[in-house]
Every structure is written in structure tokens, then in C-alpha cells.
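Asker: Please read through the structure below; I'll follow up with questions.
FYI, it's all coordinate maths here, none of it is from the lab. The model shown is predicted, which means the values in this text are computed figures rather than measured ones. Glycine also receives a Cβ, built like all others from the backbone with ideal geometry; neighbour counts cover every protein chain displayed.
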Amino acid sequence: MKLFLDTANLDEIREIRRWGVLGGLTSNPTLIAKEKPSDIETYMKELCAEVDGPVSLETTAERADEIFEQGLKLAQVAPNAVVKVAMTPDGLDAGKRLVEQGIPVNVTLTFSPAQAILAAEIGATYVSPFLGRLDDVGADGMFVLREICQIYEAQGYETLVLAASLRNPMHVVEAAKAGADVATMPFEVFTKLVKHPLTDAGLEKFLADWKKLEAQVKEGV
Ligand code: E4P
């Protein structure tokens, strides 16, 4: 399972890239708006340049023709750009046309196995089920993800399952167990993945013992 960062913040991208685990990036209009870029296209180029992997850039038009035109432009932003379209009839229409142009498409705002079947049928590169948002409304996001993975396996669909809206490390672990191809998560979840109190305590003890040893050696004890 590849790990993607869900952000539009350059410092966060650089930090996770430094760990050697950054497989790609997902952004959305809310995340980009949070960064208040003065020139949106230049900023998107910067985001793509920071990532050695696919970067999802979302369309914001509502009608199929406009989504398609916007998607063509977003695909030109960088060679690693992936065009996000929403799971709507117009999004599917435009998405299918983008796929036919050879452009990688990510069908976003997917909340059910039925919707995920549609994303696979248009030949999208990714389908993004939003787990956390399902949990937020009292549904079981992980159950939906498992069903999607099971259907894709049974049908031999090539669309990759990108588990999105992940809110905690267990979401990531369970997504991996379910067979998701990608997990995208905010910076905060990445930082929680790496943390364990026993790692901190173990490291503290190792370093203290080492310092003690060095001091003894120095004193010739
Ligand atoms: C994924 O592509 C989305 O940007 C993201 O996972 C949404 O997450 P949220 O529900 O935490 O906003």
C-alpha cells in the first residue's frame, strides 16, 4: 500500500518526503484555499514539483464540458498531475472523456460500493472512498472500503482503491489489511504513525547508557 499525503502545505510535504515514505499527494479545493496562494496554477506546479509521485488536483466546475476542459488544463500542470473529478453524473461523463485522452483520473467524494463500481467502469486510475466522513455520519467507512476492495478483486478491476479521509493510525492499518492500494492521510496522521511511547522510552535509555559508557571510557574506568 502506497502512502499519500493529503495536504497542500509545502512544509508538510517536505517533512514527509524526508522520511522516504511519500508515495504521492492528494489535494482538494479546501486544502489549497487554506494555503492562500496568490497564483493558483503556479502553486499547483510547486506542489507537483515537490512530490516524486502522483499529485491529485481537483476540478471545481460543475458541468461535464467544463469539468473536462478544466481537467485538460490541470493535466498540463505537471507530468505527475492526476485529475480529480467528483462522483456525479457530470464528473463521470468528464472523467470518462479524460480517461480516453490518456489522462489519469481520480474519482473523489465516493461513499458507496455502488459508486466505486461506476468509477472502475469509466477506467479511472483511482477511486477515493472517504472513510472518515462516513464515520462522521454514523456509517462504517471501513466496511465500505472492505466491500469496495472485495468487489474490485472479484471483478478484476484495475482502478486503484485510494482510501481517503483517514483520521487515525488504525484507519491506515485497517485500510492496509483490507487491501487498499493507497492510503492518503493528513500530516497529523503521518506523525501519529511514527510515534510509539516504547520507542521514545527505549531510545532514551539506549542514549543514556551510551553516554554513561562513553564517560567511563573517557575516564579510563
Ligand atoms: C482526499 O483526496 C481528500 O482530500 C481527503 O481525504 C478528505 O479528507 P477529510 O474528510 O478529512 O477532509
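Asker: Count, please, the residues in the range 111-133 that happen to be in contact (Cβ under 8 Å) with a residue 24 or more places away in the chain, farther than 26 Å from GLY53 by Cβ and assigned to a helix (DSSP H, G or I).
Answerer: Here the count works out to 2.
Asker: So is ASP11 outside any loop (DSSP other than H, G, I, E, B) and away from the ligand (no atom under 16 Å from the Cβ) or not? Full working, then the answer.
Answerer: Details: outside any loop (DSSP other than H, G, I, E, B): yes; away from the ligand (no atom under 16 Å from the Cβ): yes.
Criteria met by ASP11.
Asker: I need the full set of residues from the range 56-107 which are in contact with an Asp or Glu (Cβ under 7 Å, 6 or more places away or on another chain) and part of a loop (DSSP other than H, G, I, E, B), in order please. Write out each step before concluding.
Answerer: Just the residues of the range 56-107 that are in contact with an Asp or Glu (Cβ under 7 Å, 6 or more places away or on another chain), to begin with: 62-64, 67, 77, 84, 90.
Result: GLU62, ARG63, VAL77.
Asker: Looking at THR59, THR88, can you tell me which residue is surrounded by fewer than 19 Cβ atoms within 10 Å (Cβ to Cβ), closer than 24 Å to SER165 by Cβ and in contact with a strand residue (DSSP E or B) (Cβ under 9 Å, 6 or more places away or on another chain)?
Answerer: Values: THR59 fails: surrounded by fewer than 19 Cβ atoms within 10 Å (Cβ to Cβ).
Of the residues listed, the single one that is surrounded by fewer than 19 Cβ atoms within 10 Å (Cβ to Cβ), closer than 24 Å to SER165 by Cβ and in contact with a strand residue (DSSP E or B) (Cβ under 9 Å, 6 or more places away or on another chain) is THR88.
Asker: Wholly within the range 149-221, which helices (runs of 4 or more DSSP H) include no fewer than the required count, namely at least 2 residues that are within 30 Å of ALA8 (Cα to Cα) and within 15 Å of the ligand (Cβ to nearest atom)? Steps first, answer last, please.
Answerer: Numbers: elements: 169-178, 187-194, 197-219.
Fully inside the range 149-221 and qualifying: 169-178, 187-194.
Asker: Can you tell me which residue within the range 100-114, out of those that are of a type outside the set (A, V, I, L, M) and closer than 17 Å to ASN28 by Cβ, is farthest from the ligand (Cβ to nearest atom)? Break it down stepwise before answering.
Answerer: Initially, the range 100-114 is screened for residues of a type outside the set (A, V, I, L, M), giving 100-102, 104, 106, 108, 110-113.
Now drop any that are not closer than 17 Å to ASN28 by Cβ, which leaves 104, 106, 108, 110-111.
Working: PRO104: 14, ASN106: 7, THR108: 6, THR110: 10, PHE111: 11 Å.
Here the answer is PRO104.
Asker: With the requirement that a residue be farther than 23 Å from HIS171 by Cα and more than 16 Å from the ligand (Cβ to nearest atom), what does the range 19-42 give you?
Answerer: Within the range 19-42, LYS36, PRO37, SER38, ASP39, ILE40, GLU41, THR42 qualify.
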